[in-house]
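The values are calculated or read from the model by the stated rules, or taken from the named source; none is laboratory data. It should be emphasised that the depicted structure is a prediction, and the values quoted were computed from it without experimental measurement. In this analysis, Cβ positions are derived from the backbone assuming ideal geometry, glycine residues included, and neighbour counts consider all displayed protein chains. For accessibility, only protein heavy atoms count, side chains too; no ligands or nucleic acids. Shrake-Rupley method; radii C 1.70, N 1.55, O 1.52, S 1.80 Å.
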Amino acid sequence: MIPFLIVVLAFLIAPLGYALYLSTQADTLVGSQEFVWFENYKYSLTDPIFLEGVKRVFIFGLIQIPIMLFLSTVGALVIDVVNTRLSRAFRLIAFMPYAVPGVVAALMWGFLYSKSFGPFVGIAEALGAKDFNFFTLKVFIYSVSNIITWAWTGYNMIIIYSALQGLSREVYEAAIVDGATQIQIALRVKLPAIKNAILLTTIFAIIGTMQIFTEPRILARYTNAVNNGYTPNIYSFNLAFAQSQFNYAAAVSFTLALVVFVVTSVVLALTRRKGRVE
Amino acid sequence: MSVLTRSPKKRGYLAPRSNTANLAMILAIGYFLVPIVWVVVNSTKDNTQLFSTFSLWFPGDWHLIDNVKGLMTQDGGVYLTWMRNTVFYSLASAIGATLISSMAGYSLARFNFKGRSIVEAGILAMVMVPATALVMPLYLMLSKINLVNTPWSVILPAMLSPFGAFLIRVFVQESIPEEILQAARIDRAGEFRIYWQIVLPMLRPALVTVFLFSLVSSWNNFFLPLVMLSENKYYPLTVGLQSWFDQASQEGGNSILFNLVIAGSLIAIVPLIISFIFLQKYWQGGINAGSIK
């Protein structure tokens with residue numbers, strides 16, 4: 001226990017404490033630091049660049065997370081009942097992107113999206129979309145969504161699949177005897193039973209989405225959609241390491257952490273309440 | 001029942017001959033393989049072929065060997081250094097994380113001490129902290145003790161694995177009976193000896209899982225080394241490839257680097273994908289345990 005506590009103290013508590021301290025300081029004109037209470041936080045809540053980034057990851061999450069978790073759930077329900085060579089290959093290959101570094105995934109998809117290296121622009125144009133471009137301001141958010149969906153669908157599918165494998169068979173053997181179809185069993189018996197696993201994947205997906213950094217940062221070379229504050233994490237990184245505004249960067253990070261905390265709490269509260277009504 | 005040794009039940013007792021499901025799985029396999037296939041195919045092309053040949057098929061004459069040779073010699077063979085760094089950083093982080101989380105998980109599962117519930121809640125809360133909130137102050141702190149831009153700056157922070165501690169805790173509770181530990185105590189074995197000689201060997205499957213997950217998360221990490229390291233010779237593969245890619249794109253695609261970025265990406269993912277296929281059991285075991293609540 002002691003070594004773990006030391007590591008927690010040195011690499012978690014101490015840096016967080018230090019960042020909290022930084023976030024309440026501001027540079028003075030003479031170059032020293034001054035204690036300013038929550039001024040940095042107050043500023044972040046009215047900072048259009050930060051708010052724009054938060055809004056963007058919100059929209060991103062609202063589109064991407066339902067699609068990804070829908071695919072993961074359907075996939076898990078399928079491999080739960082179909083045990084063939086094809087389904088085992090599917091299970092393995094869908095999980096494989098987890099072993100690919102985010103940087104490499106972004107590089108690979110960036111090449112696939114690009115007009116000179118990839119096939120998709122050509123295919124889109126052959127289908128009649130003129131001058132299709134994955135990197136315009138409007139389309140880019142979907143291009144990034146696709147990369148994240150590619151990377152995490154299989155991982156979430158395996159989590160949900162494990163929950164399905166943990167269910168006791170008697171529960172739905174009764175349903176089979178009653179003449180329920182596989183689809184009815186999936187929707188009425190299995191889905192309610194794995195609610196917690198789906199909730200868990202939702203929470204992790206929200207936490208991950210709010211912190212998006214790697215994909216837009218790598219692909220920024222292709223597009224001018226990625227500006228200084230494209231996502232809150234990119235903004236905070238740029239504030240700290242490009243502009244040396246460590247105090248404000250720390251405040252932005254904490255505000256983001258607070259937003260993550262509030263969003264996940266709201267999701268948890270909503271799902272709990274719904275469960276009680278049922 | 002152990003979460004890590006539980007074998008998937010044979011289902012398929014009612015395998016519907018659903019063509020829709022089969023077609024959907026085939027399409028999905030295609031989708032997940034596209035980027036991998038693209039990288040494999042295009043690592044055989046030189047820079048002119050990259051622009052001139054169909055992107056999802058092999059060129060007439062192969063340049064895979066040339067690309068790999070180029071990869072090994074570009075910038076004085078720095079790719080090999082990045083590879084070595086990645087292996088070293090991720091092994092060191094994974095060993096550290098495994099040991100530390102095994103101690104933490106074991107203590108949480110088997111000892112009652114003040115503040116245990118706080119520590120447990122804290123471990124789950126750690127997942128929510130955004131990486132920037134942690135890495136930026138760490139950078140400032142480590143720079144004060146002259147540790148930034150050294151291997152330590154990426155290894156030490158990666159030894160903290162809340163997920164690992166959580167996983168070991170679940171495993172200890174499920175598969176190490178309290179009686180064994182009590183028997184050992186009656187035989188007057190010291191606590192450290194009990195941990196080292198009895199608990200650790202019994203934890204082996206869980207340790208392998210924690211090791212693998214820490215290894216991958218450290219192998220794939222981008223943000224931490226991007227912040228901490230400023231010298232080429234310390235980069236891991238992720239940051240190194242990114243720096244080449246930036247260079248290649250800045251020079252408007254005239255640079256010779258694109259083929260190297262592609263070959264480099266391929267070589268960077270091969271070891272993990274191989275380990276992944278051969279160690280499937282442990283991966284899925286970890287996820288099983290992680291999803292139990």
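Do we have A:VAL252 as loosely packed, with under 13 Cβ neighbours inside 10 Å, assigned to a helix (DSSP H, G or I) and aliphatic (A, V, I, L, M) here?
Details: loosely packed, with under 13 Cβ neighbours inside 10 Å: no; assigned to a helix (DSSP H, G or I): yes; aliphatic (A, V, I, L, M): yes.
Considered against the rule, which asks whether it is loosely packed, with under 13 Cβ neighbours inside 10 Å, assigned to a helix (DSSP H, G or I) and aliphatic (A, V, I, L, M), A:VAL252 comes out as no.
What are the residues in region B:192-237 that are free of Cβ contacts under 8 Å to residues at least 24 places away in the same chain and under 20 Å from B:LEU108 (Cα atoms), if any?
B:PHE192, B:ARG193, B:ILE194, B:TRP196, B:GLN197, B:ILE198, B:PRO201, B:ARG204
Take the residues in region A:94-134 that are assigned to a loop (DSSP other than H, G, I, E, B) and open to solvent by less than 20 Å² (accessible area, probe 1.4 Å), then tell me which one is farthest from B:VAL41 (Cα to Cα). Quick ask: steps written out before the conclusion?
Filtering region A:94-134 for residues assigned to a loop (DSSP other than H, G, I, E, B) gives A:100-101, A:114-119, A:127-134.
Adding the requirement that they be open to solvent by less than 20 Å² (accessible area, probe 1.4 Å) leaves A:100-101, A:114, A:117-119.
Values: A:VAL100: 17, A:PRO101: 19, A:SER114: 16, A:PHE117: 12, A:GLY118: 12, A:PRO119: 13 Å.
Only one residue tops the list, namely A:PRO101.
With the requirement that a residue be open to solvent by 90 Å² or more (accessible area, probe 1.4 Å) and either in contact (Cβ under 8 Å) with a residue 12 or more places away in the chain or of a type in the set (A, V, I, L, M) (or both), what does region A:42-66 give you?
Residues of region A:42-66 open to solvent by 90 Å² or more (accessible area, probe 1.4 Å): A:42-43, A:45-46, A:48, A:55, A:62.
The answer is A:TYR43, A:LEU45, A:LEU62.
Looking at A:VAL74, A:VAL7, A:VAL36, can you tell me which residue is within 14 Å of another protein chain (Cβ to nearest Cβ) and either farther than 30 Å from A:GLU173 by Cα or more than 24 Å from the chain's Cα centre (by Cα) (or both)? Steps first, answer last, please.
Values: A:VAL74 fails: either farther than 30 Å from A:GLU173 by Cα or more than 24 Å from the chain's Cα centre (by Cα) (or both); A:VAL36 fails: within 14 Å of another protein chain (Cβ to nearest Cβ).
Every option except A:VAL7 fails the conditions.
Test A:GLU39 against the criterion of being modelled with pLDDT of 80 or more and more than 19 Å from A:PHE246 (Cβ to Cβ), and give yes or no.
Details: modelled with pLDDT of 80 or more: yes; more than 19 Å from A:PHE246 (Cβ to Cβ): no.
Spelling it out, it is not the case that A:GLU39 is modelled with pLDDT of 80 or more and more than 19 Å from A:PHE246 (Cβ to Cβ).
I'm trying to understand the selection: among the residues of region B:38-56, which are facing chain A (nearest Cβ under 10 Å) and among the small types (Gly, Ala, Ser)?
Within region B:38-56, B:SER52, B:SER55 meet the criteria.
Taking region B:95-105, which residues are more than 18 Å from the chain's Cα centre (by Cα) and open to solvent by 10 Å² or more (accessible area, probe 1.4 Å)?
Filtering region B:95-105 for residues more than 18 Å from the chain's Cα centre (by Cα) gives B:103-105.
B:MET103 - this is the single residue of region B:95-105 that is more than 18 Å from the chain's Cα centre (by Cα) and open to solvent by 10 Å² or more (accessible area, probe 1.4 Å).
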